[in-house]
Amino acid sequence: MRNAFADEITSLASADARIQLLSGDIGNRLFNNFQQKCPGRFFNCGVAEANMISVGAGMCLSGLRAVAYTITTFITARCFEQIKLDVCYNGAPLIIVGVGSGLAYASLGPTHHSFEDIAILRALPGMSVLAPCDSLELRASLRAAVTHAGPVYIRIGKKGEPSIHSTIPDFTIGKGSILRTGSDACIAATGPILHEAIAAADLLAAAGIQVEIANFPSIKPLDAILLRELFGRHRLILTLEESSLAGGFGSAVSECATDLELFHSGTRLLRAGIPDHFIHEAGEQEHARKLCGLTAPQLAARIRQTLCT
C-alpha cells in the first residue's frame with residue numbers, strides 16, 4: 001500500500017501545485033519520483049513528528065494542501081496534542097497518513113503496534129477517519145481526501161496486502177459498500193484485514209452458511225444508512241478490525257446502532273479486534289492476528305458457534 005500511496009500522491013501533486021508532502025524521516029527513496037516531478041514540495045521533517053503536524057497545519061491554513069506521512073503510531077499517539085489543537089481546532093485540512101497500521105509491524109514490538117489510533121482520532125471534532133482495504137481503495141480515498149474541507153486521517157497497511165478490488169472503486173467519505181451478499185450473517189470489516197473476512201465467508205459457504213460482506217473504509221463519518229440496512233436483514237453481525245476493541249470501529253458501529261435504535265429482539269453484534277492487552281509475544285503479522293483471534297478460520301468458527309447457540 002505504501003508504494004501505491006507514493007505513486008498516487010505524486011500523480012495528485014503533479015496536477016495540483018498546492019499539494020505538499022511531509023515525511024517523518026521515512027520513505028526518502030520511496031518519494032524520489034515525487035521530488036523529481038514536484039521539486040521543492042517534499043519536506044523531510046526528521047524524527048520530530050509533532051513539529052511535522054504543526055508545520056502541515058500551518059501550510060494548510062496558508063492555502064496549501066499538506067499531506068503528513070510516517071509510521072502510524074508515531075504520527076498519531078506521539079502527535080495527539082498537535083492534531084487536536086493545531087489541526088482539528090483550527091479546521092486545517094491536513095491529510096495524516098499512518099503507514100503500517102494495526103499489526104503490520106507486529107515483529108517490531110509495542111513501539112510499532114498501533115491499536116489505539118482509531119479510538120483517539122475519531123474522538124476529535126471534525127476529523128474524518130479512513131481505513132482503505134487495499135491499494136486501489138487507498139488511491140480512491142486519497143483522491144477524496146485532497147478535496148475534503150476538513151482534516152482526514154488515513155490508516156494504511158505496509159506492503160503485500162491482497163487486492164480486494166479489480167479497479168479503483170467509487171469512494172465517498174462517509175459511505176460503505178456491500179462486497180458479497182448473504183442471508184445467514186454479516187461481517188462488517190474495515191481496512192486491509194477485510195481479506196480475512198472474505199476468506200472466513202468462503203469457509204462458511206463450504207459449510208452451507210451464507211455470509212454477507214460489508215466494507216466500511218470510512219469509520220468516521222460512519223455510513224448509518226448502510227448500517228440500518230444490515231441490522232434490518234441480519235440477526236448476527238460481526239465487526240472486524242485490526243485495531244483496539246476499546247473505542248475502535250466495532251465501538252463506533254455499536255454506538256451508531258444504539259443511537260439509531262437498530263437493535264431488535266434477538267439481534268447479536270459481535271466484535272473482533274485487538275483485545276484490551278498488550279502483545280508480548282514476538283512474531284509476524286499472521287502470528288499476531290492468530291493471538292487476537294483475527295484469522296479466517298477463527299472468525300468462521302466464532303460465527304458458526306454463535307449461529308448454533
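The values are calculated or read from the model by the stated rules, or taken from the named source; none is laboratory data. Quantities reported herein were computed from a predicted structural model and do not represent experimental measurements. Heavy atoms of the whole protein, side chains included, go into the accessibility calculation; ligands, DNA and RNA do not. Shrake-Rupley method; radii C 1.70, N 1.55, O 1.52, S 1.80 Å.
Distance from the alpha carbon centroid of segment 56-110 to that of segment 150-164 works out to 14 angstrom.
Roughly what angle does helix 296-307 make with the longest principal axis of the chain, taking Cα atoms, 0 to 90 degrees, to the nearest 10? That works out to roughly 40 degrees. Using the Karplus relation 6.51 cos²θ - 1.76 cosθ + 1.60 with θ = phi - 60°, the per-residue 3J(HN,Hα) values for segment 163-170 come to 7, 9, 9, 9, 9, 5, x, 5 Hz, with x marking Gly and Pro.
Bridges between two residues of segment 171-309, per DSSP, are antiparallel at a rate of about 15%. Work out the P(r) tail for segment 260-309: percent of alpha carbon pairs separated by more than 15 Å, whole number. Across segment 260-309, Cα pairs with separations above 15 Å total 57 percent. First obtain the Kirkwood hydrodynamic radius of segment 64-106 from its Cα pairs, then insert it into the Stokes-Einstein equation at 4 °C and 1.567 mPa s, and state the resulting D in µm² per second as a whole number. For these conditions, the coefficient is 118 µm²/s. On full extension, the segment bounded by HIS287 and GLN210 gains 25.0 nm, given 0.36 nm per residue less the C-alpha separation. For ALA214, the residues 5 or more places off, or on other chains, whose built amide H falls under 5 Å of its own are LEU179, ILE187, ALA188, ALA189.
Rounded to the nearest whole Hz, the Karplus-based 3J(HN,Hα) values (6.51 cos²θ - 1.76 cosθ + 1.60, θ = phi - 60°) of segment 22-35 follow the sequence 10, 10, x, 6, 8, x, 4, 5, 4, 9, 4, 5, 4, 5, with x at glycine and proline. The Rg/Rh ratio for segment 43-120 is 0.98, where Rg is the radius of gyration of the alpha carbons and Rh is the Kirkwood radius. The portion of the accessible surface of segment 181-291 made up by carbon and sulfur, rounded to a whole percent, is 53 (1.4 Å probe; DNA, RNA and ligands excluded).
With coordinates expressed along the principal axes, the C-alpha atoms belonging to segment 153-251 extend over 38, 30, 29 Å, beginning with the largest.
For the chain, the direction-averaged projected area of the alpha-carbon convex hull comes to 15.1 nm².
Summed over the residues of segment 200-309 and divided among them, the accessible surface reaches 47 Å² per residue at a probe radius of 1.4 Å.
For the chain, lysine pairs separated by 8 or more sequence positions, or belonging to different chains, with Cα-Cα distances below 30 Å total 15.
Close amide H partners of TYR153, meaning residues 5 or more places away or on another chain with modelled amide H under 5 Å apart, are ILE96, SER128, VAL129, LEU130. Note on segment 30-175: with neighbouring protein chains present and a 1.4 Å probe, carbon and sulfur make up 53 percent of its accessible heavy-atom surface. For the chain, what proportion of DSSP beta bridges, expressed in % and rounded to the nearest 5, is antiparallel? Antiparallel bridges make up about 15 percent of those DSSP assigns within the chain. Working note: Cα gyration tensor of segment 186-309, eigenvalues times five, square-rooted, sorted largest first, giving semi-axes of 22, 18, 13 Å. Beta bridges per DSSP, both residues in segment 72-159: antiparallel share near 10 percent. If I fit a long axis through the Cα atoms of helix 224-233 and take the longest principal axis of the Cα atoms of the chain, what angle between them do I get, 0 to 90°, rounded to 10? It works out to around 10 degrees. Under the rule a/c < 1.5 gives rounded, and otherwise a/b versus b/c splits prolate from oblate, where does segment 1-66 land using the Cα gyration tensor? Cα axes put segment 1-66 in the oblate bin.
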